[in-house]
Amino acid sequence: MSNSNTPPGEAGWSDRAFHLFRTLLTLLAVGLCPAALGAETLAHIYQLALSNDPQLRAANAAYKIGKESIPLARAGLLPKIQGTAEFSDGDGDTASFRTLNFGGGIPVGAAGDNDDETEYYALSLSQPLFDLPAWFSFKRGYDLDERAEAQLAADQQATIIRVADAYFAVLRASETLTTSLAEQRAIGRQLEQTKERFEVGLLPITDVHEAQAAYDDALVNSLNARSELEIAFEGLEVITGQQHSELAGLSSQFPVAPAEPADGDAWVKFALTNNYNLKTAQLAKEAAEKNARAKKAEHLPKVTANLSYSNTHRDGHFVRDPDGAVQPFAEDNEPTVFSVRLDAPIFTGGLISAERRKAYQEFVQAQEEYTLAQRNTTQEARSQHMQVKTDAARVKARKQAITSAKSALEATEAGYEVGTRNIVDVLFSQRTLYQAQRNYANARFDYINSLLALKEVAGQLSPEDIGQLDKWLDQQQKINKNPPETQQESQ
């Protein structure tokens with residue numbers, strides 16, 4: 001697996017070309033995967049995850065939500081045009097009288113039936129001239145937009161980690177099952193030999209009991225390992241939404257080496273510059289700051305220009321009581337009005353002040369969370385770099401431990417044949433050998449997991465790493481979900 005970790009270009013976090021580059025790498029990594037030709041590989045599982053993983057789909061939806069931040073914020077600065085149309089038809093009794101004070105008080109007026117129709121059309125345009133809160137909200141929209149991009153990149157990297165962890169969890173469980181079955185068979189053979197020697201009087205019954213207990217324990221371990229393998233396969237199904245029955249195993253030639261560059265400070269620098277979760281926290285802080293400034297500016301007046309045009313046409317007739325005389329009428333009104341309006345909040349019941357204080361504390365919270373994210377990123381980069389270095393050394397040591405355990409088992413078996421060692425020594429040596437094999441397999445998978453985690457915290461993880469790992473998967477090593485059953489009867 002390649003350990004090249006050259007930092008990406010400093011083009012900026014909102015550069016959409018970076019996401020296009022990631023997409024092209026994804027297509028390159030998964031397009032060359034001949035999954036249909038044999039056991040499924042890591043690249044094929046990753047390709048399925050890109051289409052079917054609900055967590056990634058939710059992240060894509062959250063990204064699209066975040067990309068609407070600029071249009072939503074920009075709307076507060078742009079003009080608004082509104083049209084209105086109304087038609088009404090009225091019919092009813094009408095009475096209107098008034099008294100004239102000359103001539104002894106003479107009532108003047110009329111009563112009757114009024115029937116009229118009104119058509120009304122209006123078009124209005126309003127444009128904010130001075131709205132400082134809307135301006136800060138607009139600037140905040142750019143922070144939220146970039147934050148959505150950084151969060152999506154972080155979620156994409158998390159998907160790579162989850163797919164790799166789930167895939168190698170299957171391989172890890174398979175290695176455990178393989179060594180557990182081998183241990184069970186070896187102890188079973190030892191139990192048979194012990195029984196035969198007991199029957200001819202060469203061994204005491206206690207040796208038979210010791211071997212039987214060891215075999216029963218090995219049988220239980222095999223059953224547990226088989227169950228863990230099935231659970232690991234189901235973990236893949238959660239991500240891909242599909243059943244998997246056969247995966248390609250990890251080649252014995254897989255290279256293990258410390259991460260490059262070897263300097264831990266270089267990885268810290270990469271992380272502080274490129275870590276997506278850190279960038280998300282930074283943009284959240286900047287967005288909170290602008291929101292606090294917007295809420296503070298709510299105390300200021302707002303100036304809005306308005307231009308409106310309307311057309312009202314009303315006609316009908318009035319039937320006067322009691323003579324039934326018909327009086328038609330008509331009315332037309334077509335004004336065009338321009339106005340400048342100033343709104344100043346004088347007292348809002350404490351609402352604006354409370355929102356200002358709340359927004360400021362949200363900014364303080366985001367600022368402290370960013371500081372914490374910086375410290376966590378620094379610490380995680382150092383610890384993950386050290387973990388990769390440690391895991392690489394562990395793989396080498398675990399491999400040597402297998403050789404030592406084999407030699408110890410051979411010496412113990414030889415001593416058992418001549419009577420200088422007992423059955424307990426042999427069983428212990430056998431367990432030590434198979435435990436060494438399991439430890440070696442686990443060390444290799446731990447190394448892969450820690451290396452991917454290091455690249456993630458440094459912002460260096462990409463689909464290309466899936467392709468690099470995929471090259472070291474061996475189609476000849478088939479990991480089956482339901483391997484053949486082994487003999488499980490008590491010996």
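Quick rundown of the values:
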quantity: Simple label model, 7 Å out from Cα along Cβ direction - LYS358 to LEU372, nm; calculated: 2.2 nm
quantity: Acute angle (nearest 10 degrees) that the helix 264-274 long axis makes with the longest principal axis of the chain, alpha-carbon atoms; calculated: 30 degrees
quantity: Protection-proxy order for peptides 234-241, 418-425, each taking the mean of Cβ atoms within 10 Å per residue, highest first; calculated: 234-241, 418-425
quantity: Separation of the GLU68 and GLU199 label points, Cα + 7 Å toward Cβ, nm; calculated: 7.9 nm
quantity: C-alpha long axis of helix 132-199 to longest principal axis of the chain, angle in °; calculated: 20 degrees
quantity: Net lengthening on full extension, SER383/ALA262 (0.36 nm per residue, minus Cα-Cα); calculated: 42.3 nm
quantity: Amide N proximity, the range 287-306 versus SER124 label position 7 Å along Cα-to-Cβ, cut-off under 20 Å; calculated: 302-306
quantity: Most to least packed among 389-402, 114-127 [average Cβ atoms within 10 Å]; calculated: 389-402, 114-127
quantity: Largest-first principal axis extents of the Cα set of the chain (Å); calculated: 150, 54, 46
quantity: Qualifying chymotrypsin sites (Phe, Trp or Tyr not before Pro) in the range 326-363, DSSP loop, other Cβ atoms within 10 Å at most 14; calculated: PHE347
quantity: Ordering of 54-60, 459-465 by burial proxy (mean other Cβ atoms within 10 Å per residue, highest first); calculated: 459-465, 54-60
quantity: Calculated FRET efficiency for the pair GLU246/ALA213, C-beta based, R₀ 30 Å, to 0.05; calculated: 0.25
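Each reported figure results from applying straightforward, stated rules to the coordinates on display, with no laboratory input. Bear in mind that the values here come from a model prediction, so they are computed numbers and not experimental data. Backbone-built Cβ (ideal geometry, glycine too); neighbour counts: all protein chains shown.
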